[in-house]
Amino acid sequence: MSGQLKIMTINDLLRQDSEWLKGTGPNADIVMSSRTRLARNIEKTPFSNRADPKQLEQVLTRVKEAALSIGFLKNSTFFRLKDLNEIDRLFLVERHLMSPEHARDVEFKGLIVDSKEVVSIMVNEEDHLRIQVLQSGLNLKECWRIENEIDTEFSKRLPYAYSAKWGYLTACPTNSGTGLRGSVMLHLPALVFIGQINKVLQAIAKLGLNVRGFYGEGTEATGNIFQVSNQASMGMTEEDLIDSINKIINQSIYREETTRKSLALKSREALADRVSRAYGTLKSAHIISSNETITLLSAIRLGVDLGVVKNLDRRMVNELFILTQPAHLQKLEGKVLNANERDIKRADLIREKIK
C-alpha cells in the first residue's frame, strides 16, 4: 500500500450513497441498519480523557500509520477533526460515521472513513480507537466478520491494553471485556400506531438492551426509529453476543410484521389516510422543520413497504432522512443557513425528490 491514505473530501461523501442507506439486506423494511463497534486502547498509554497533548498526538500518528498497511482500509481517508469546520463535523455525525461526542473538543481527534462508508474509525474519542462497521438491514454477523478482520490487523500493529481477567480495557467499564457494541436501527411505526411500542421497548430493556434515538446515546427517538444495542460486553464471546442481540431483535421484527399485516387487513383505510396526508404535506410544503420531516418520512416509508405508495422506493426515503438534516442541507447549498432558510431548503429538496 502507498505511504498515505486516499484523499477524499466531505463533498465526495455528499455526492455518494452511504452503504447503510441502501434499503437492502435481511428485514430491511424494519431494520434500517446494523452496526458493530469495538472499543480499543493502546497499552501503556493513558485513556483519551487522561492523556496529555503529546500522548494524544502520538495516538493519532500511530493509528494512522497502522491503518496505512491494512488492506480493507486501502481506499480510506483520514480526517483531522480540527481541520474541519463545525458544519463538516456535524455532517459526519449525521451520516453516522462518528458520534456527537467525537465532534466536540476536536483538537487531538481523528476519523478514518473507507470509500463506501462501511467502516469508520474514531481516534481519541472516549477510547483511543472506536472501530465501527455499518451495513444495511439485519446484518450484524456480516458487520462482525468485517470488524473482526480489521481488528485483527490493527492488533498486529498496535499492542492493545488487555487483562486476562477483564478482557480489553476501556475508559468506561461497561465497554470492557470484548469491547463490542452491536446495534440495530429499527423502524417500528405499526407498533407506535396501535400504542404498543412502550410495552415492546420495556421488554427489550428487560432483556439487557439499551433503546436510544436516531443518533444513539443522549438522543430521543423520532420518526418511530429506535436504536437498540447491548448494555454490557463482558461475560460472553463476540459471536454469542451477536447471536443474543439477533434473537431479541427478531422478536421485535416479528411483532412489527404481525402488526403491519393486521393494519393492512383491518385498518387499511386509516393507514392509507395517514400515509396520504404525510405524502401530501411533503409534496406541497414550502417550509418544514427537521422533526416534522422525520415523522412524515416515517409514514411514507411504511407506505412504501406496504405498497400504499407506488412511486417511491425505500432507498430514496432512507436518503431523505439524512439529506434533510441541517448539515447536509447546508453542504448541498454551499453556505451557512439559518433555521428558517434550512426549513425552506428542506421543503424544496423534498418536493424535488418526490415529485
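Laid out as a table, the results:
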{"quantity": "Count of residues meeting criterion [part of a helix (DSSP H, G or I) and buried (at least 19 other Cβ atoms within 10 Å of the Cβ)] in the range 275-291", "calculated": "4"}
{"quantity": "Pair list, Cβ under 8 Å, 6 or more apart: the range 224-239 residue without any contact (Cβ under 8 Å) to a residue 60 or more places away in the chain and more than 21 Å from Pro173 (Cβ to Cβ), other residue crowded, with 16+ Cβ neighbours inside 10 Å and among the charged types (D, E, K, R)", "calculated": "Phe226/Arg212; Gln227/Arg212; Val228/Arg212"}
{"quantity": "Which numbered condition Cys143 misses (of (1) surrounded by 16 or more Cβ atoms within 10 Å (Cβ to Cβ); (2) modelled with pLDDT under 95; (3) under 25 Å from Glu319 (Cβ atoms); (4) of a type outside the set (Val, Ile, Thr))", "calculated": "(2)"}
{"quantity": "Residue within the range 261-274 that is surrounded by 15 or more Cβ atoms within 10 Å (Cβ to Cβ), in a helix (DSSP H, G or I) and within 26 Å of the chain's Cα centre (by Cα) present", "calculated": "no"}
{"quantity": "Identity of the residue in the range 173-208, at pLDDT 90 or above, among the hydrophobic types (A, V, I, L, M, F, W, C) and not in a helix (DSSP H, G or I), that ends up nearest to Leu140 (Cα to Cα)", "calculated": "Val184"}
{"quantity": "Top-ranked residue of the range 1-48 - restricted to ones that are of a type in the set (Lys, Arg) and not in a loop (DSSP other than H, G, I, E, B), ranked as nearest to the chain's Cα centre (by Cα)", "calculated": "Arg35"}
{"quantity": "Unique match (being under 22 Å from Glu126 (Cβ atoms) and of a type in the set (Val, Ile, Thr)) among Ile42, Ile7", "calculated": "Ile42"}
{"quantity": "Only listed residue being outside the structural domain of Asp88 (by TED's automatic domain parsing) and over 26 Å from Ala190 (Cβ atoms), chosen from Lys310, Lys335", "calculated": "Lys335"}
{"quantity": "Residue list for the range 267-278, restricted to those being closer than 20 Å to Asn318 by Cβ and at pLDDT 95 or above", "calculated": "Ala278"}
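Yes/no matrix, rows are residues, columns are (1) touching a strand residue (DSSP E or B) at 6+ places or on another chain (Cβ under 6 Å); (2) of a type in the set (A, V, I, L, M, F, W, C):
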residue	(1), (2)
Leu5	yes, yes
Ile10	no, yes
Asp29	no, no
Lys44	no, no
Phe47	no, yes
Asp52	no, no
Gln55	no, no
Gln58	no, no
Lys64	yes, no
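The values are calculated or read from the model by the stated rules, or taken from the named source; none is laboratory data. None of the values given here were measured: they were computed from a predicted structure. Positions of Cβ are backbone-derived with ideal geometry, glycine not excepted, and every protein chain shown enters the neighbour counts.
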